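Enquirer: Submitted below is the structure of interest, expressed as structure tokens.
The numbers here are math on the coordinates, done by the rules we state, and not lab data. A quick note: this is a predicted structure, and the numbers were derived from the prediction, not measured. Note that we place each Cβ from the backbone using ideal geometry, even for glycine, and neighbour counts take in every protein chain shown.
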Amino acid sequence: MIFRRTSADSGQAFPIYITVVAGLLFLAFAYLAVGQAAVNRSDAQTAADAAALAAAQNRREYLTGKWLEILKDPTKWRDVFHGDVEVGPSCWRAYQLAAQNDGRVDECDDSRPMKVTVEVTTNKRVGKSVVPGVEDIRSSGTATAVVEPICTFDNDGDPAAEEAPLPELNCNGEVWKPNPDDPEDLPGAEDLFDVHLAAD
């Protein structure tokens, strides 16, 4: 026996079909909102990483400048390499880099000579979505960058012996013989210190 679908059956199936399609569309738009939020979080973390690294690189420049100031007195070298010196502010570089990455700095801590922590919020919003209350949400990221000395030297020298050569610096296997009379042959900031993001 062959059963034929009546028009009544077709009429009942149509509303179910519409409901299913509407549900699938809602899920698709919801996933889009989640995806946009994930992209924003990634952008915020990238901006925070860049801002923290820029500030730490600026701090490295300060420390290198301090080392050059006391170059002829090796007894003070360790203070510079350990960060036991006065250094200027570095958060201004974090603000610059955050802005370049379409973000803003919420907090910046450069109170520690060898470490800078930055929190950045992206300017991008999730935007209009079927998920209520997410339109104005912005993502944030936090990063800490560390300045690490990469040089060692055998002794502190003798500042009383004015003619004595300065101690050699061994910087990751590269040996430098600092000569105050030849500033062009002195190690640069990137030779003296490494800058990297702190591990989570």
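Enquirer: How would you order 57-66, 74-83, 166-175 from highest to lowest mean count of nearby Cβ atoms within 10 Å?
Expert: Ranked by mean Cβ neighbours within 10 Å, highest first: 57-66, 74-83, 166-175.
Enquirer: Taking the highest mean first, how do the peptides 184-194, 97-107 order by number of other beta carbon atoms within 10 angstrom per residue?
Expert: 97-107, 184-194
Enquirer: To the nearest 0.05, what FRET efficiency results for ASP109 and GLU174 with a Förster distance of 35 Å applied to their C-beta separation?
Expert: Step by step, r from the Cβ atoms, then E = 0.60.
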